[in-house]
Each structure stands twice: as C-alpha cells, then as structure tokens.
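As structure tokens, the structure follows; a few thoughts come after it.
The values are calculated or read from the model by the stated rules, or taken from the named source; none is laboratory data. These numbers were taken from a predicted model, which means no experiment stands behind them. Positions of Cβ are backbone-derived with ideal geometry, glycine not excepted, and every protein chain shown enters the neighbour counts. Surface accessibility is based on the protein's heavy atoms, side chains included, excluding ligands, DNA and RNA. Shrake-Rupley method; radii C 1.70, N 1.55, O 1.52, S 1.80 Å.
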Amino acid sequence: MEKELNIIIMGPPAAGKGTQSELIVKEYGIPHVSTGDMFRQAIAEKTPLGMEANTYISQGKLVPDEVTIGLVRERLAKADCQHGFLLDGFPRTVPQAEALSEILTSLGKKLTAVVLLVADDQELVDRISSRRVCVKCGASYSLKTKKPAVEGKCDNCGSDLILRNDDRPESFKSRLDDYHQKTLPLVDYYKKEGLVHEVDALQDIEGVFTSIRKVLD
Ligand code: AMP
C-alpha cells in the first residue's frame, strides 16, 4: 500500500489554501477536509450547526473550539480518510491542535507534514479585495489571477460569484488578527515535531503547487 498522506495546510486567510488544496487532493487522491467549507455548507442547508456557526463566521470570528473539534472528529473517522486526508482551516488554535493529536492517536494515525503558506499581510489585504466565490458550490476565483470564463459566473455551475461576507475589510482584519494571535503559535507547536515545510505563497498558482509537490513527494 502507498504511504498514507495525513497533511495539514496552514497559512493566513487568502494565502491560497483553498486553491492549493484543490490541486493537492486531485494529485494525491485524498479527501479535502475543510472546516470552512463544512460550515458554509451547513449554513447553506440551514442546519442547527450552520445557524450557530453563522453567528460567528459572518463577523469574522472563530467558531468555538468544541463545535469545530466535534465536526472534525466525525469527519476524520469516515472511511474515505482511511488512507490520508488534507486538513484545511483546522487546527486554528492550540486546543484544536491538541484535540487533533488525540483524535489521530485514537484512529492509529500520525501527521505526515504541515505545509505552511507564507505571505505578508499587506499582500493578503490586496488579494482579498479581488476574491470572489460561487454562492452555490463555493468555488473560489480571483479577479486578478484566476478569472472566471464568464464575468460574475461560476465556471463549474454557472451560479453568481460574490464577495464573501467575511472577506469584507473589517471581518478580514479580524481574521488576520486571529491568525497572528491564535494560529501562528501552532506553527511553533508543529515545528517542534519537525513537521513544518514553508512555501512562499506569493508565487503564481503553479509555482506554489510545484513547491508543495516537492515537499509531499
Ligand atoms: P475558511 O474558509 O477556512 O477561511 O473559514 C471560514 C470561517 O469559518 C472562519 O473565518 C471561521 O469563522 C470559521 N472556521 C473555519 N475553520 C475554523 C476552525 N478550525 N476554528 C474555528 N472557526 C473556523
């Protein structure tokens, strides 16, 4: 059997985690476990989880740890994660990282690598103003670097493209602050385990992916 790839992709908001995740899961055939996508789907379906998560997400705040950890615990136990997974957007706090470690131990798994996308804040603020997402399927576009074929419409499903609520300037600033205060300490946590591989997120999409492939191959 091929080696299991249990990967975390980390980086500040708008560093390109979603775009690179799509490429990684295609290349390595592992499921994309994105807590942000899971929450957005729950919001679209108006489930109780979605309603609760939305009160935090629409303000650019983190969803409480106990909610998020429960969601990931259930997801990683599913059969499609048996031979690997790509975690995107989780863990985001030290308690989440500790919970992940406990979840993986209980499943008899270990992390293979943490891919850290690195970019400076000003560049991210510039990037975010041009990000658009599909209201229906969540596909992500950039008005500068990844334009849809038809203006304002999703290439996959033809639905409208919008600016995410949490990409508006005030919410985005709050997300960047959270990243610095709560998520960056995780980098040290994983560096101590020798798992962190830094990748320059300011290269073009292909360049970033080539760097990631070098790490994972
Ligand atoms: P993302 O698409 O990963 O940027 O996530 C969008 C939003 O979902 C975040 O701004 C948070 O409000 C929420 N969220 C996603 N993942 C987590 C997490 N691991 N912990 C807490 N909140 C999260």
ask   = For the chain, which longest stretch is free of loop sites, where a loop site is one of the GluC sites (Glu not before Pro) that DSSP puts outside H, G, I, E and B and that has at most 10 other Cβ atoms within 10 Å?
value = 46-150
task = Whenever you get a sec, compute what percent of the accessible area on the chain sits on carbon and sulfur atoms (1.4 Å probe).
result = 52 percent
task = Take the alpha carbon atoms of region 140-217, find their center, do the same for region 27-67, and report the distance between the two centers in whole angstrom.
result = 16 Å
note = Between the modelled labels at Glu102 and Leu163 (7 Å from Cα along Cα→Cβ) the distance in nm is 4.1 nm
ask   = Over region 98-191, one equal point on each Cα, no solvent: what is log10 I(q)/I(0) by the Debye formula at q = 0.12, 0.20, 0.21 Å⁻¹?
value = -0.58, -0.99, -1.02
request  = Within the chain, what's the longest run with no trypsin sites (Lys or Arg not before Pro) in a DSSP loop and at most 12 other beta-carbon atoms within 10 Å? Give the range, please.
outcome  = 145-191
Calculated from backbone phi, Karplus (6.51, -1.76, 1.60) coupling profile of region 4-10 in Hz, x at Gly/Pro = 5, 10, 9, 10, 10, 10, 10
ask   = Fully extended, how many nm does the chain gain between Met51 and Val215 (0.36 nm per residue separation, minus their Cα-Cα distance)?
value = 55.2 nm
task = For Asp121, tell me the accessible area in Å² from a 1.4 Å probe, rounded to the nearest 10.
result = 60 Å²
Whole-Hz couplings from phi, Karplus 6.51/-1.76/1.60, listed for region 183-193; x for Gly and Pro = 8, 4, x, 5, 4, 5, 4, 7, 5, 4, 8
ask   = About its Cα centre, how strong a charge dipole does region 69-217 have in debye, to the nearest 20, once Lys and Arg get +1 and Asp and Glu get -1 at the Cβ?
value = 400 debye
Spin-label zone in region 18-53 - amide nitrogen under 13 Å from a point set 7 Å from the Cα of Gln59 along the C-beta vector = 53
request  = Let me know the Rg and Dmax you get for region 1-108 when you use only its Cα atoms, in Å.
outcome  = 13.8, 44
task = Go through Ile69, Ile162, Ile43, Ile8 and list them by solvent-accessible area, largest first, probe radius 1.4 Å.
result = Ile162, Ile43, Ile69, Ile8
task = Tell me which residues come under 5 Å, amide H to amide H, from Leu116 once H is placed; ignore anything under 5 positions away on its chain.
result = Met10, His197, Glu198, Val199
query = When the Karplus curve 6.51 cos²θ - 1.76 cosθ + 1.60 is applied with θ = phi - 60°, which whole-Hz ³J(HN,Hα) does each residue of region 14-24 get, with x for Gly and Pro?
reply = 6, 7, x, 4, x, 4, 5, 4, 4, 5, 5
remark   = With T = 10 °C, eta = 1.306 mPa s and Kirkwood Rh from C-alpha pairs, the Stokes-Einstein D of the chain in µm²/s is about 89 µm²/s
task = Among the lysines, select those whose C-alpha is under 24 Å from the C-alpha of Lys146, and discard any that sit fewer than 8 residues away in the same chain.
result = Lys17, Lys26, Lys136, Lys173, Lys214
key: Charge-dipole axis of region 1-132 as Lys and Arg at +1 and Asp and Glu at -1 on Cβ define it, positive-most pick from Gln41, Val94, Val67   = Gln41
ask   = Can you give the accessible area per residue of the chain, in Å², using a 1.4 Å probe?
value = 52 Å²
request  = Mind giving me the nanometre distance, one decimal, between the label points for Asp200 and Lys147, set 7 Å out from Cα along Cα→Cβ?
outcome  = 2.6 nm
remark   = Note to self, the chain gives a 222 nm [θ] from helices alone (DSSP H runs n ≥ 4, -39500 (n - 2.57) apiece, / all residues, nearest 500) of -13000 deg cm²/dmol
note = The base-10 log of I(q)/I(0) that the Debye equation returns for region 152-217 at q = 0.14, 0.16, 0.29 Å⁻¹, one scatterer per C-alpha, is -0.75, -0.91, -1.05
query = Contour minus end-to-end for Asp80 and Gln181, with contour as 0.36 nm per residue of separation and end-to-end as the Cα-Cα distance?
reply = 33.1 nm
